[in-house]
Amino acid sequence: MFKVIAIANQKGGVGKTTTSINLSSSLAAAEKKTLLIDIDPQSNSSSGLSVTNHSPSVYEVLIGTIDINDAIINTYMPFLDMLPANINLVGAEIEMVDLENREGLLKKALSGMQKDYDYIIIDCPPSLGLLTLNALTSADSVLIPVQCEYFALEGLGQLLNTINIVKQHFNKNLTIEGVLLTMFDTRLKLSHQVAEEVKKYFGEKVFDTIIHRNVRISESPSHGKPVILYDAVSSGSKNYISLASELLQRNSSV
Ligand SMILES: Nc1ncnc2c1ncn2[C@@H]1O[C@H](COP(=O)(O)OP(=O)(O)O)[C@@H](O)[C@H]1O
Ligand SMILES: [Mg+2]
């Protein structure tokens, strides 16, 4: 099994980075060889795994000055590697505009990676610009985190539209891996209402696993650890392990 999954939603603060870090480390804990690619100039996925200001980074890989194999680093988890981002990525979208095949740069860099990995997880920035376009063009599927908050569905039409454009022009086999409800608070009526609404709209595409709001999840990045290593028995850790097994199960039956 080799699958590239982009974690995308142009809204900020919905749980893309949290899901990227914790899904990839949970897949790695299940002994799936996993590569986490940070393609967000804010580089929170990198710092969340204790990788700060690392060079070379995904930036050099995209603009073609370095081979991807020279930019991938090992993390302290044996089955998890990372292609980090740093501040250089801020100007990348502008620099990439003039490059040939500008939306396919990451895809080109990833060719041949299936011999090394089972899963590649790409943490996208909060926009639908060229970086996200590169992620969607390289991916087999998109995982969409949706925060259980007001206006949860707002902007999703635009995201689905972008996914369709990518399918038409760059990547006809792109699918939706699933929609993930994040930051669910059992006590709030609103959380339940949003969950209902998202299920009505996306049906079976919604993961059975729901990520609950959990303080250990929000604390773990400042310790440079995924939640499964920061607090293995927390509800956050259990939720992300359950997401990884649901994803593995869904993919084993196809
Ligand atoms: N399940 C959760 N419980 C508590 N805090 C969370 C949870 N998921 C995300 N957060 C926090 O919410 C903020 C936004 O999450 P993040 O993953 O960075 O979103 P995005 O990458 O979509 O911008 C972060 O401070 C993160 O720690
Ligand atoms: Mg993020």
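The values are calculated or read from the model by the stated rules, or taken from the named source; none is laboratory data. Model, not experiment: these values are computed from the prediction. All Cβ positions, glycine included, derive from the backbone under ideal geometry; neighbour counts span all protein chains shown.
Any residue in segment 30-50 that is within 16 Å of residue 221 (Cβ to Cβ), part of a loop (DSSP other than H, G, I, E, B) and away from ligand 1 (no atom under 16 Å from the Cβ)?
No, segment 30-50 contains no residue that is within 16 Å of residue 221 (Cβ to Cβ), part of a loop (DSSP other than H, G, I, E, B) and away from ligand 1 (no atom under 16 Å from the Cβ).
For segment 243-253, does any single residue satisfy the condition of being over 24 Å from residue 178 (Cα atoms), touching a helix residue (DSSP H, G or I) at 6+ places or on another chain (Cβ under 7 Å) and part of a helix (DSSP H, G or I)?
no
Would you please name the residue that is nearest to ligand 2 (Cβ to nearest atom), looking only at residues in segment 11-25 that are surrounded by 23 or more Cβ atoms within 10 Å (Cβ to Cβ) and over 15 Å from residue 177 (Cβ atoms)?
It comes out as 17.
Among the residues of segment 64-72, are any within 16 Å of ligand 2 (Cβ to nearest atom) and in contact with a helix residue (DSSP H, G or I) (Cβ under 7 Å, 6 or more places away or on another chain)?
Within segment 64-72, none of the residues are within 16 Å of ligand 2 (Cβ to nearest atom) and in contact with a helix residue (DSSP H, G or I) (Cβ under 7 Å, 6 or more places away or on another chain).
Is at least one residue of segment 37-59 over 18 Å from the mean Cα position of the chain (by Cα), more than 10 Å from ligand 2 (Cβ to nearest atom) and of a type in the set (Val, Ile, Thr)?
yes
Select, from 8, 92, the only residue that is farther than 30 Å from residue 233 by Cβ, within 11 Å of ligand 2 (Cβ to nearest atom) and buried (at least 20 other Cβ atoms within 10 Å of the Cβ).
Just one listed residue meets the conditions, 8.
How do the helices (runs of 4 or more DSSP H) wholly within segment 84-201 filter down when requiring 2 or more residues that are in contact with a strand residue (DSSP E or B) (Cβ under 9 Å, 6 or more places away or on another chain) and more than 16 Å from ligand 1 (Cβ to nearest atom): which remain?
105-110, 130-138, 156-169
Restricting segment 151-170 to residues that are closer than 18 Å to residue 205 by Cβ and among the polar types (S, T, N, Q), which is surrounded by the most Cβ atoms within 10 Å (Cβ to Cβ)?
Per the stated criteria, the residue is 162.
Report yes if residue 227 is in contact with a Gly (Cβ under 6 Å, 6 or more places away or on another chain) and modelled with pLDDT of 95 or more, otherwise no.
Judged against the criteria, residue 227 is a match.
Can you find, within segment 5-15, the residue that is nearest to ligand 1 (Cβ to nearest atom) among those that are closer than 15 Å to residue 131 by Cβ and touching a helix residue (DSSP H, G or I) at 6+ places or on another chain (Cβ under 9 Å)?
That would be 9.
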